[in-house]
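What follows is a set of notes on a single structure, which appears directly below.
The values are calculated or read from the model by the stated rules, or taken from the named source; none is laboratory data. Worth saying up front: this structure is predicted, and the values here are computed from it rather than measured. Positions of Cβ are generated from backbone atoms using ideal geometry, with glycine treated the same way; all protein chains shown enter the neighbour counts. Accessible surface areas use protein heavy atoms only, side chains included; no ligands, DNA or RNA. Shrake-Rupley method; radii C 1.70, N 1.55, O 1.52, S 1.80 Å.
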Amino acid sequence: MSIVTIVGTSGTAIQVTVGGGKAQALAQTYAQQMSDAYTRNNLTTVMLSDSNGKVTTGTNTLLEGFATTGGSFAPLGTYDFIGVGGWAGSGSALGQGLLGDRVTIDGSGLTPTATLSVLGGSAAGLTYEAGDGNGSFLGLSGDNYFNGNTQSASWTIVTGAGNDTILATNGTNTIDAGAGHNLIQLQQGSNDVVSEGQDTVTGQEGGRTMLTLTGGNSVVTLGSNSLVSDNATIGSHITVGNDSTVQAGQGSTIVFSGQNGTVSGTRNDTVSALGDLTAVKGTGQTLSVSGSLQFIAGTGATNITADQATLWGADGLSANIDVNKTSLWTGNQSGSSSVEMINASSSKGSFEAWTGAGQQTIIGSDASDHFVFGTRYSGNEGETYATVTGGNVAANTFGVLAGHTAGDITITDFSAVNGNKFFMYNYKPADADAAAKELLATATVSGGNTAIMLDNNMKVTFMGVTDLKASSFDIS
């Protein structure tokens, strides 16, 4: 903690206590501005009281108001600066004590200026009622209350370590709430908010909010078109409206209440969406989506429930997916080799899987599934090693496209009786039956399993199968 002294005219000065950080820097900036104005002899200071009338000053002269006692004040005039703090005396008699009483200032009677700054330095806090002019509010100590009322003015609002309450205006606001348990209420304005404490942040539908959480353990409820950057190491509970984005949570609970939402970079978060959701580069997520899920490059132990889903995997992904309708997973579009495990055994809808370079384990759904191995595309030409279980008794299809990569594939539950087929598409043989017989000629049976060799040095093993037939192949 340190003391900042704000000078005035005729030997007046007030003292405020600040605790570092952004609040300290701004307080020192204000103090320097007043000192510079005093040096230039263009500063007028008024001690605020119940009997203050409207104050006017000369051209190019800054008007400064000081409140050094507790109580309520309603200054009138064109003030540039209002400071609340302890009376510092005059001359060399500075340091006579800090203000310990609460102060309320009604700013509705102030004439709007381009430079209004309000600084609260009372240990008991400051209540400020905003008028229709723009300004900046700095609550350095105590529990402060900034009331933007229904104004459309624009404000910069910064508070210290107290438990502060901020009701933003309907204009454009920049808010930085310091450590503490703060209540931040946003209206239908445009707000850029930093939450450093364990805060409750609410926003109305129709407003636009950019919120950064650094303190964590907060409760956030915002409307549509919101952006939340969750940079805290402690999880929060975050609810956002339609077309909103939440970035980089850690152990948070996130709810998307609108038709569309995007979450990215989360770590061990629990996310639910009432509509469609795009999830990008998270790790260890639990996702519950009533609509359609686009899952991009997620990693770690992941649980997914969705109506339908498209999943682009990444190295280290281990996902359990429960999807009502169709789901699609592809291994590694990034071109890097990946180790992944995808378990769709809880899914009721059909599942389609495309393996890529690396080692991948895939378990199919309750419905008919489709598995494509070793697809070659730009940047993804490494060998694919996959172990695949089709799941239940549905008719599943397994196979490759012409031009596939090398690899070693194991199918654990291939059954011609259940209508399973192994396909080779885009080969365009002159005689498909003859091509199937040539493929069977490569078969070797060992330990109750049958292995065949495809082109491009790909081996496919059918576990538990010793009577593989040409009718099990579809070469086209």
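List of remarks:
- Scanning the range 298-355 for residues that are over 22 Å from the mean Cα position of the chain (by Cα), of a type in the set (S, T, N, Q) and open to solvent by 40 Å² or more (accessible area, probe 1.4 Å) turns up Gln308, Ser318, Asn320, Asn324, Thr326, Gln333, Ser334, Ser336, Ser337, Ser345, Ser346, Ser350.
- Taken over the range 208-228, residues that are part of a strand (DSSP E or B), open to solvent by less than 20 Å² (accessible area, probe 1.4 Å) and not β-branched (Val, Ile, Thr) amount to 2.
- Restricted to strands (runs of 3 or more DSSP E) entirely inside the range 420-476, those with at least 2 residues that are touching a Gly at 6+ places or on another chain (Cβ under 8 Å) and at negative phi are 421-425, 458-462.
- Residue list for the range 252-297, filter: open to solvent by less than 10 Å² (accessible area, probe 1.4 Å) and either in contact with a Lys or Arg (Cβ under 8 Å, 6 or more places away or on another chain) or free of Cβ contacts under 8 Å to residues at least 12 places away in the same chain (or both): Gly282
- Residue within the range 365-377 that is surrounded by 24 or more Cβ atoms within 10 Å (Cβ to Cβ), touching a residue at least 24 places away in the same chain (Cβ under 8 Å) and on the phi > 0 side of the Ramachandran plot present: yes
- In the range 433-468, the residues that are of a type in the set (Phe, Trp, Tyr) and more than 20 Å from Thr397 (Cα to Cα): none
- Residue check, Leu293 in contact with an Asp or Glu (Cβ under 8 Å, 6 or more places away or on another chain) and under 21 Å from Glu381 (Cα atoms): no
- Residue check: Phe422 meets all listed conditions (1) open to solvent by 10 Å² or more (accessible area, probe 1.4 Å); (2) under 17 Å from Ala451 (Cα atoms); (3) aromatic (Phe, Trp, Tyr) but one, namely (1).
Let's see how each residue does on (1) over 16 Å from Tyr145 (Cα atoms); (2) surrounded by fewer than 24 Cβ atoms within 10 Å (Cβ to Cβ); (3) hydroxyl-bearing (Ser, Thr, Tyr):
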position: Asn191; (1), (2), (3): yes, no, no
position: Gln204; (1), (2), (3): yes, yes, no
position: Gly235; (1), (2), (3): yes, yes, no
position: Thr239; (1), (2), (3): yes, yes, yes
position: Asn242; (1), (2), (3): yes, yes, no
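- Scanning the range 181-193 for residues that are assigned to a loop (DSSP other than H, G, I, E, B) and in contact (Cβ under 8 Å) with a residue 24 or more places away in the chain yields Gln187, Gly189.
- Output for the range 426-454, where each listed residue is within 53 Å of the chain's Cα centre (by Cα), in contact (Cβ under 8 Å) with a residue 24 or more places away in the chain and open to solvent by 60 Å² or more (accessible area, probe 1.4 Å): Asn426, Tyr427, Lys428
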